[in-house]
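Enquirer: Handing you a structure now.
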Ligand SMILES: [Zn+2]
């Protein structure tokens, strides 16, 4: 914050506005907390603690939406999308859905994440269909075949 939100005077080092005497201490403390949580988010990212990174970044963004925090959010979404596509390629649909769920906490309305989630759902339904048809082929068809071949005395 560089200017007083009440009177637009330039802020000096004091927590009181030099022009209108507004108490800016709560705003200054909130900005410090946002910076702290953003720093923690970057640290967790470096240590590959993605869930903790997202938690810290969510705190930071709720306190103040700085350009750096928004850029980190975009970066995480891009990176996670690549990971999710990699998982989907290996047909690991449930881990992909779990990762998408984690990411959606950060940015619930991301079009990219929503599209990936829709794609994962589509693959999930198709894999269930194909596993159902595998099951039918392995279990149901032999039974049907057996029933077809079975001679019933009163069939004719
Ligand atoms: Zn002021």
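Every number in this text was worked out from the coordinates using simple rules, so none of it is lab data. None of these values were measured; they are calculated from a predicted model. Here Cβ is always computed from backbone atoms with ideal geometry, including for glycine, and neighbour counts include all displayed protein chains.
Enquirer: For the Cα atoms of the chain, what angle does the longest principal axis make with the long axis of helix 67-89, in degrees from 0 to 90, nearest 10?
Expert: 10
Enquirer: Provide 48, 110, 60, 80 in ascending order of the number of other Cβ atoms located within 10 Å of each residue's Cβ, fewest first.
Expert: The order, fewest Cβ neighbours first, is 48, 110, 80, 60.
Enquirer: Using the Cα atoms of the chain to build a convex hull, what is its mean projected area in square nanometres?
Expert: Mean projected area for the chain: 15.0 nm², to one decimal.
Enquirer: Using a basic spin-label model with each label point 7 Å from the Cα along Cα→Cβ, how many nm lie between residue 47 and residue 2?
Expert: Placing both labels 7 Å along Cα→Cβ, they lie 3.4 nm apart.
Enquirer: Could you calculate the FRET efficiency of residue 129 with residue 105 from 1/(1 + (r/R0)^6), where r is the beta carbon distance between them and R0 is 35 Å, rounded to 0.05?
Expert: Computed FRET efficiency for residue 129 and residue 105 comes out at 0.70.
Enquirer: Which of 84, 125 has the fewest other C-beta atoms within 10 Å, and how do the rest follow up to the most?
Expert: Ranked by crowding around the Cβ, least crowded first: 125, 84.
Enquirer: Just subtract the alpha-carbon distance of residue 62 and residue 121 from 0.36 nm times their residue separation and send over the number in nm, one decimal.
Expert: Contour length minus the Cα-Cα distance gives 18.3 nm.
Enquirer: Once you've got the GNM for the chain with C-alpha springs shorter than 10 Å, pick whichever of 91, 129, 64 has the biggest mean-square fluctuation.
Expert: Taking springs between Cα atoms under 10 Å, the residue moving most is 129.
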